[in-house]
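Below is one structure, written out as structure tokens; comments come after it.
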Amino acid sequence: MNSTDDERRARRFFRRHLIPAAQRLRARGVTFFPLGPDEDASWFSSPPAGDFLEIGDLEASLREHWEREGLDELARLARAFADLADALEIRQQDSADLSPFVYVMY
Amino acid sequence: MATILGISCFYHDSAAALVRDGEIVAAAQEERFSRKKHDPRFPRHAVNYCLEEAFIEPDELDAVVFYDDPILSFDRVVKSLLAVAPRGEDQWSKAGPSFLGVKLFAGRYVREMLGREVPILFTRHHLSHAASAFYPSPFERAAVLTLDGVGEWATTSIALGEGSHLRTLKEVHYPHSIGLLYSAFTYYCGFKVNSGEYKLMGLAPYGAPRYADRIREELISVRPDGSFRLHMEYFGYLDSDVVTNARFDDLFGGAARKPESRITHREMDLAASIQQVTEEVVLALARHAREVTDATDLCLSGGVALNCVANGVLLRERIFDRLWIQPAAGDAGGALGAALAASHLRFGVPRKLRPDGRDSQRGSYLGPAYSSEEVRAFLDWHGYPYEVVEDRRARADRIAAALDEGKVVGLLSGRMEFGPRALGGRSILGDPRRADTQTLMNLKIKYRESFRPFAPSVLEERCGDYFELDAESPYMLLVAPVRQERREPFDRSAFDAGDDDLLAMVRRPRSDIPAVTHVDYSARVQTVSAEVQPDYHAILEAFERRSGCAVVVNTSFNVRGEPIVCSPQDAYRCFMRTEMELLVLEDCLVWKEKQPESERDESWRQEYELD
């Protein structure tokens with residue numbers, strides 16, 4: 001496996017899982033963040049609860065997080081995300097290069 | 001007792017820090033060891049250094065703390081994609097594997113490296129930043145303002161620190177980010193995102209804020225409480241790998257400047273405009289932080305806190321009585337903040353303020369030091385000629401004499417700095433009075449020609465004689481005006497009328513310390529105290545005795561694209577690649593003219609990519 005295989009795998013995942021999930025969420029009117037100003041008097045939000053966490057099982061952590069938010073469409077993808085992460089793990093660690101744009105989004 | 005290792009990595013500038021009973025023992029960026037600038041990889045060298053500095057084995061650690069929450073960060077990644085899908089596939093295919101294959105397994109990296117089952121905790125990105133600013137500060141109680149690109153969902157946060165406690169009060173969330181707005185202009189003006197922001201800030205004094213109204217009207221809306229929203233239709237970072245988009249281009253009259261191409265008045269004016277808007281947002285947020293916390297002091301952190309021009313404006317506005325800024329304000333500082341947050345908030349270590357009123361950052365000299373014996377062993381092993389001057393004052397006199405003769409001096413002294421600025425531990429020094437110092441140091445040492453002047457180091461007790469600054473600035477994080485009586489008039493009408501020759505402009509003397517005076521008569525000041533930096537202070541004192549000037553030029557000890565040097569080996573190599581004439585390695589003076597010709601090395605230009 002190389003980075004091209006990783007990219008191909010990621011693309012398959014995007015089409016198979018993320019696009020349908022986006023469609024289902026949109027169909028029930030879920031939006032994740034505003035894209036511009038609105039009428040609210042302040043645009044501050046509350047910080048997340050808890051200062052520290054321990055992460056055990058990745059799949060369980062993701063599923064629990066999204067279940068707490070009532071996002072079953074995402075909670076159901078937790079296993080698929082964990083499988084993809086397992087398949088991609090470790091090989092990336094040798095790269096000293098990370099696009100500066102990765103930071104922009106991630 | 002609690003011994004905590006903090007780690008930040010996998011974005012850029014990875015780092016490790018070790019805190020024992022709330023005291024900072026060590027902190028260092030991985031790039032200094034790996035020699036890869038902004039190295040994002042797991043900081044194994046920095047971790048090893050921290051453990052060595054503390055004389056401990058991994059199983060003596062009470063916890064390892066990662067500086068952010070990968071689950072919450074991944075949540076943002078997924079939701080950002082879902083917001084734009086089916087667009088965003090290219091972005092996901094490139095960045096997704098990096099995130100999924102690495103960042104979510106941070107804990108596993110730690111266990112594999114340490115070879116022990118050490119408790120691993122994850123904390124919040126902005127809490128790490130806030131902790132890095134509040135806990136080392138000299139304040140018992142303070143508001144903490146964190147501004148950066150993004151960490152998990154937060155891009156801006158206001159917190160309150162009191163004694164050992166630190167509590168986040170409110171946040172602005174992604175995609176609305178003052179850091180990313182500044183980065184958008186950094187990219188658009190042809191500089192590298194995440195490292196070129198400093199250049200954009202330095203470019204601003206050449207321009208006029210002609211686009212500020214357009215930015216306020218079209219790109220960002222700000223509420224009276226300082227909270228803000230970006231108008232996302234002008235930005236590309238949700239669904240592409242470019243920060244801006246075609247609408248952004250149209251708004252400012254064309255495509256982004258190509259990197260390394262000529263800088264025109266458009267870029268100068270854009271830089272001045274985004275700088276002005278950024279300062280307005282920072283001031284509004286600071287006023288609100290003051291209101292909601294009723295604190296009289298303010299701590300700053302996050303990458304935007306490295307905008308020392310905005311920091312200087314904030315200080316002069318006197319919204320708060322005092323200001324303390326974490327010198328490693330970017331993500332590297334998150335390692336330190338994570339360790340401090342865990343010490344005080346999780347392990348209950350009581351915070352102790354220093355009785356002398358100084359901060360606990362120790363001048364940010366938190367990296368490796370090399371003893372005289374180690375330096376001499378290195379020089380002897382290679383047969384490099386040197387002379388030993390053990391007496392501090394005598395050594396300072398020799399260095400001052402070289403500076404007074406116009407020589408450029410490389411200085412490796414004591415522990416390496418933590419954070420992006422060289423503060424006299426790994427610095428290149430020059431004479432600020434000479435009109436040609438800036439050009440000389442740029443062309444013969446840094447191998448670049450820059451429109452930015454160098455920064456001055458000044459004796460703390462003499463700062464007021466040179467700069468309009470009535471606060472300490474030990475970390476070079478405040479920009480202040482050069483005193484009126486030191487300024488020299490210069491006519492910039494031709495430049496303002498359209499001549500865009502930046503270098504001709506910057507070469508013209510503007511004060512009696514021209515090498516450190518910007519075109520708007522400002523300077524990025526480092527104050528040097530005898531208590532915190534005795535060796536460096538002695539050099540400044542000696543230079544003043546000899547020349548009457550209590551200021552030296554201080555720039556980082558590296559060439560363009562290279563991380564700041566760490567070891568005597570790094571320093572010697574850099575010295576031999578440049579036209580520095582004297583290298584000071586602790587108490588050893590190494591003169592270029594006496595070094596073997598065979599050690600001169602021109603191959604470095606292929607080694608480092610441009611910054």
Pick from B:Arg287, B:Arg362, B:Arg322: which is of a type in the set (Lys, Arg), in contact (Cβ under 8 Å) with a residue 60 or more places away in the chain, surrounded by fewer than 19 Cβ atoms within 10 Å (Cβ to Cβ) and touching a Ser or Thr at 6+ places or on another chain (Cβ under 9 Å)? B:Arg322
Residue check for B:Phe418: of a type in the set (Phe, Trp, Tyr) and touching a Pro at 6+ places or on another chain (Cβ under 6 Å): no
Restricting attention to region B:151-164, which residues are over 15 Å from B:Ala305 (Cβ atoms) and either within 11 Å of chain A (Cβ to nearest Cβ) or modelled with pLDDT under 95 (or both)? B:Glu152, B:Trp153
Quick check: anything in region B:196-203 within 15 Å of B:Gly149 (Cα to Cα) and either at pLDDT 95 or above or of a type in the set (Asp, Glu) (or both)? yes
In region B:97-114, what residues are of a type outside the set (Gly, Ala, Ser) and out of contact with any helix residue (DSSP H, G or I) (no Cβ under 8 Å at 6 or more places or on another chain)? B:Arg108, B:Val110, B:Arg111, B:Glu112
When restricted to A:Trp66, A:Trp43, the only residue part of a helix (DSSP H, G or I) and closer than 28 Å to B:Arg229 by Cα is A:Trp66
All positions within region A:14-32 that are more than 16 Å from A:Trp66 (Cβ to Cβ) and either at the interface with another protein chain (Cβ under 10 Å from one of its Cβ atoms) or not in a helix (DSSP H, G or I) (or both): A:Phe14, A:Arg15, A:Ile19, A:Gln23, A:Arg26, A:Gly29
Somewhere in region B:438-449, is a residue over 22 Å from the mean Cα position of the chain (by Cα), surrounded by 22 or more Cβ atoms within 10 Å (Cβ to Cβ) and under 19 Å from B:Phe575 (Cα atoms)? no
Given the condition hydrophobic (A, V, I, L, M, F, W, C), outside any loop (DSSP other than H, G, I, E, B), closer than 23 Å to B:Glu468 by Cα and in contact with a Leu (Cβ under 8 Å, 6 or more places away or on another chain), answer yes or no: does some residue in region B:498-514 qualify? no
When you scan region B:250-265, do you find a residue that is in a helix (DSSP H, G or I), modelled with pLDDT under 95 and not polar (S, T, N, Q), even just one? yes
For B:Arg247, indicate whether it is farther than 15 Å from B:Val281 by Cβ, within 14 Å of chain A (Cβ to nearest Cβ) and either of a type in the set (Phe, Trp, Tyr) or more than 27 Å from the chain's Cα centre (by Cα) (or both). yes
Starting from residues that are of a type in the set (D, E, K, R) and more than 11 Å from B:Gly302 (Cβ to Cβ), keep the ones in region B:135-150 and report whichever is nearest to the other protein chains (Cβ to nearest Cβ). B:Arg141
Lone unmet requirement of (1) out of contact with any strand residue (DSSP E or B) (no Cβ under 8 Å at 6 or more places or on another chain); (2) among the polar types (S, T, N, Q); (3) within 16 Å of B:Cys549 (Cα to Cα) for B:Thr439: (3)
Take the conditions closer than 22 Å to B:Asp520 by Cβ and among the hydrophobic types (A, V, I, L, M, F, W, C) and apply them to B:Leu203. Does it pass? yes
Residues being within 11 Å of another protein chain (Cβ to nearest Cβ), hydroxyl-bearing (Ser, Thr, Tyr) and touching a residue at least 24 places away in the same chain (Cβ under 8 Å): count how many of those fall in region B:187-228. 3
Counting only residues that are closer than 17 Å to B:Gly464 by Cα and either at pLDDT below 95 or not basic (Lys, Arg) (or both), how many does region B:515-538 have? 12
Being more than 7 Å from chain B (Cβ to nearest Cβ) and part of a helix (DSSP H, G or I): is that true of A:Arg11 here? no
Considering region B:380-413 alone, what residues qualify as being in contact (Cβ under 8 Å) with a residue 40 or more places away in the chain and of a type in the set (Asp, Glu)? B:Glu387, B:Glu390, B:Asp397, B:Asp404
B:Asn194 passes all but one of (1) out of contact with any strand residue (DSSP E or B) (no Cβ under 9 Å at 6 or more places or on another chain); (2) on the phi > 0 side of the Ramachandran plot; which number fails? (1)
Per-region count, region B:456-503, residues in contact (Cβ under 8 Å) with a residue 60 or more places away in the chain, more than 20 Å from B:Gly363 (Cβ to Cβ) and in contact with an Asp or Glu (Cβ under 8 Å, 6 or more places away or on another chain): 1
List the pairs whose first member sits in region A:26-37 and is among the aliphatic types (A, V, I, L, M), whose second member is surrounded by 14 or more Cβ atoms within 10 Å (Cβ to Cβ), and whose Cβ atoms are under 6 Å apart, counting only residues at least 6 apart or on separate chains? A:Leu35/B:Met232
Across region B:415-431, what is the total count of residues that are within 13 Å of B:Ile399 (Cα to Cα) and of a type in the set (A, V, I, L, M)? 2
Filter region B:132-159 down to the residues that are hydroxyl-bearing (Ser, Thr, Tyr) and closer than 19 Å to B:Phe10 by Cβ and list them by number. B:Ser132, B:Thr155
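The values are calculated or read from the model by the stated rules, or taken from the named source; none is laboratory data. All values reported here derive from a predicted model rather than from experimental measurement. Note: ideal-geometry Cβ built from the backbone for every residue, glycine included; neighbour counts use all protein chains shown.
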